[in-house]
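Enquirer: Below is one structure. I have some questions about it.
The values are calculated or read from the model by the stated rules, or taken from the named source; none is laboratory data. Please read these numbers as outputs of a predicted model, since none were measured by experiment. Note that each Cβ is placed from the backbone with ideal geometry, even for glycine, and that neighbours are counted across all protein chains shown. For the accessible areas, the whole protein counts, side chains as well, though only heavy atoms, and no ligand, DNA or RNA atoms are used. Shrake-Rupley method; radii C 1.70, N 1.55, O 1.52, S 1.80 Å.
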Protein chains: 2
Amino acid sequence: MKPFTILLLAIALAFAALAALPFAPVHAEDEASPVLGGKMPSGYRDWKLVSVAHEEGNLNDLRAVLGNDVAIEAYRQGKLPFPDGAIIARLAWSYVPSEENNKAFGRAQSFVAGSPTNVQFMVKDSKIYAATGGWGFAQFDDGKPAHVVVQDCFACHVPAKGQDYLFTHYAP
Amino acid sequence: MKPFTILLLAIALAFAALAALPFAPVHAEDEASPVLGGKMPSGYRDWKLVSVAHEEGNLNDLRAVLGNDVAIEAYRQGKLPFPDGAIIARLAWSYVPSEENNKAFGRAQSFVAGSPTNVQFMVKDSKIYAATGGWGFAQFDDGKPAHVVVQDCFACHVPAKGQDYLFTHYAP
């Protein structure tokens, strides 16, 4: 082979090797052990419902908060702080009018869940996440871990300190 | 005892007996067998989430649709019509702004679930409810069966015939 062909092959191989690497953004704050190991907890979509909400503005979504069994039990029993092992999942979908529902209601009033936006998790481990109220924070876009600065997530949740940093209340 | 005392006792007993009767409004259309036997299915609050929605207007609520395992499997597999045994639960809560969340976001944008309004169920039994697309309809206010005319419920759901009379789509 000519040297130029070898160079082209080498470049192609380098790109292929790069593409094969798992998506793992390296940041100072999550280098040691990314929250949830960089994976969505299996079965989270089957978890029980905590509550629902609508955010206007830039978010413009409909959202559902689900909890694993440890979290749901803590919510239902009013246990504070939440025990280690509790995980909260916040699912969100774009906020879209439903023409189909509006026709049935006879007026424009119905808004439903469109395409998913992202999924966020709060994971309770009072030792590992002692610096952030005992909670680790993670976000997934299209199932892939997104870069979030855990300290920033936590800073926003500080006003809810009285409810163990959880904004969402259980909806009976 | 004097006759008057006996009469008073008899009246008191009659009222006590009436109060002890289960709440069971009798209507022509559900005399034979009220949908769900006039009881909310046990454990429905633990069912998996189908989707969420917001209704404006007189309803002015946030709502979550849950499904029992038969319903969730049918939704996820796109099985139409839904098999007998499928039950859909529609929970709803008043639509209230969250001052707490708005403070954290730095703007008025957040609406959350307030007090519960009512819970509605759709129960699939292609034989018993053959006259209404195979679905029985029930509503509970404060856990007590409300009077609904199943034919009226069904009439509103007819436009969704192509999805087995279900307006709600599964939110991934």
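Enquirer: May I ask you to list the residues in region B:121-142 that are open to solvent by 30 Å² or more (accessible area, probe 1.4 Å), within 23 Å of B:V65 (Cβ to Cβ) and either within 14 Å of chain A (Cβ to nearest Cβ) or not polar (S, T, N, Q) (or both)?
Expert: Listed by number, the residues that qualify are B:D125, B:I128, B:Y129, B:D141, B:D142.
Enquirer: Within region B:103-113, track down each residue that is more than 8 Å from chain A (Cβ to nearest Cβ) and open to solvent by less than 20 Å² (accessible area, probe 1.4 Å).
Expert: Within region B:103-113, no residue meets the criteria.
Enquirer: Among the residues that make up region B:143-152, is at least one of them closer than 30 Å to A:L166 by Cβ, within 14 Å of chain A (Cβ to nearest Cβ), within 17 Å of the chain's Cα centre (by Cα) and surrounded by fewer than 16 Cβ atoms within 10 Å (Cβ to Cβ)?
Expert: Yes, region B:143-152 contains a residue that is closer than 30 Å to A:L166 by Cβ, within 14 Å of chain A (Cβ to nearest Cβ), within 17 Å of the chain's Cα centre (by Cα) and surrounded by fewer than 16 Cβ atoms within 10 Å (Cβ to Cβ).
Enquirer: Tell me, which residue of region B:92-102 that is facing chain A (nearest Cβ under 7 Å) and open to solvent by less than 40 Å² (accessible area, probe 1.4 Å) is farthest from B:Y44 (Cα to Cα)?
Expert: Per the criteria, the residue is B:N101.
Enquirer: Need pairs with beta-carbon distance below 7 Å; first residue under 12 Å from A:A89 (Cα atoms) and within region A:57-74, second of a type in the set (D, E) and buried (at least 17 other Cβ atoms within 10 Å of the Cβ); sequence gap 6+ or separate chains.
Expert: A:R63/A:E55
Enquirer: Does B:A104 satisfy the condition of being more than 26 Å from A:E100 (Cβ to Cβ) and of a type outside the set (D, E, K, R)?
Expert: For B:A104, the condition - more than 26 Å from A:E100 (Cβ to Cβ) and of a type outside the set (D, E, K, R) - is met.
Enquirer: For region A:153-172, which residues satisfy the criterion of being open to solvent by less than 70 Å² (accessible area, probe 1.4 Å), part of a loop (DSSP other than H, G, I, E, B) and either of a type outside the set (D, E) or facing chain B (nearest Cβ under 8 Å) (or both)?
Expert: Once the filter is applied, which keeps residues that are open to solvent by less than 70 Å² (accessible area, probe 1.4 Å), part of a loop (DSSP other than H, G, I, E, B) and either of a type outside the set (D, E) or facing chain B (nearest Cβ under 8 Å) (or both), region A:153-172 yields A:Y165, A:L166, A:F167, A:T168, A:Y170, A:A171.
Enquirer: Could I ask something else about it? Scanning for something at the interface with chain B (Cβ under 8 Å from one of its Cβ atoms) and loosely packed, with under 15 Cβ neighbours inside 10 Å, does region A:68-91 turn up at least one residue?
Expert: no
Enquirer: What's the total number of residues in region B:75-93 that are without any contact (Cβ under 8 Å) to a residue 40 or more places away in the chain and out of contact with any strand residue (DSSP E or B) (no Cβ under 7 Å at 6 or more places or on another chain)?
Expert: So the count comes out to 3.
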